[in-house]
Amino acid sequence: MRVLVVGAGVVGLSCAVRLREAGVAADVVADAAGAATTSAAAAALWYPYRAHPPERVTGWAASTREELERLSADATTGVVLRDGVEYVRQPTGEPWWASAVPRLAWRGGGPAGCAGGWAFRAPVADTGRYLDWLAARLGDLGGSLRHERMRSVAQARAEADAVVLATGVGARELPGDPAVTPVRGQVVRVRAPSVRQWVLDEGHPAGLVYVVPRIDDVVCGGVDEPGAESPEVDAQTARRILARCIDVVPELAGAQVTGHAVGLRPYRPSVRLERDPSDPGVVHCYGHGGAGVTLSWGCADEVTDLITGR
């Protein structure tokens, strides 16, 4: 059997790797790869952000966390483990995804206005390294990555026995799903070696805050703009991002800015992972919101099961 995976973001590459590992001749085709993908712009902290429904997302997230933890033992993957805390403004019960984390603890205190936060260790993928590693892993398994724009599902189907559509925000065109909405994100990358723990504060009065230390830099975010599609970095937005990140993590003050990135999260009211009702040779795998890295391996496992009939 030959399978063509359409999409070279983290979800598409993970699906192709898993299929190859299962003995299926899977290859990837995409009009954008590597640094040109939305995955490359992600902070890539394991966290099920803007992904639904909870009952499926939790399982995919747990499986992916386990795999990313395993990969973190190999420095070439670009995956590291980082301790951190999600701050909340009001005391709450455990997060809906708590069962996906083996060691989750409440920590009091935090920035002004916070009641405390949920602390846990999470994988972080340095996306430049990680996407390169995934592509190399695919090649080592005999797979290929071809740069070409698929104009239709029929075009893809003509090349393979089965097709996996991991098209991200491109799912609006292929397969043509109006339920997919772009949610624009923007981040600032800085050099701040003293910052070693990630921080998330969705309730900050000035807007969304996340600070994610990778291997050589720290990703500061962010924005969450449904329907916005501009790929250009907005300088004023970047200044605001840094200001509120410094408010939460004062050690960032004076950090050297090393880069900026913009990405369009592929939001959908629910992740679509299923066979196409009209063609069982087409498997849909898109709509992961801000959780592509977080759900990637769990979804890849399910895609592989659908393709192989396990």
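The values are calculated or read from the model by the stated rules, or taken from the named source; none is laboratory data. These figures come from a predicted structure and were not determined experimentally. Note: ideal-geometry Cβ built from the backbone for every residue, glycine included; neighbour counts use all protein chains shown.
Are there strands (runs of 3 or more DSSP E) fully within segment 102-194 with at least 2 residues that are more than 24 Å from Tyr49 (Cβ to Cβ) and of a type outside the set (Gly, Ala, Ser)? List them. Working first, answer last.
Numbers: elements: 105-108, 116-125, 145-147, 162-165, 181-191.
The qualifying strands (runs of 3 or more DSSP E) are 145-147.
I'd like the residue in segment 1-36 that is surrounded by fewer than 24 Cβ atoms within 10 Å (Cβ to Cβ) and in a loop (DSSP other than H, G, I, E, B) and, out of all such residues, is modelled with the lowest pLDDT.
Met1
Do we find that Ala166 is in contact with a His (Cβ under 9 Å, 6 or more places away or on another chain) and among the hydrophobic types (A, V, I, L, M, F, W, C) in this structure?
Details: in contact with a His (Cβ under 9 Å, 6 or more places away or on another chain): yes; among the hydrophobic types (A, V, I, L, M, F, W, C): yes.
Criteria met by Ala166.
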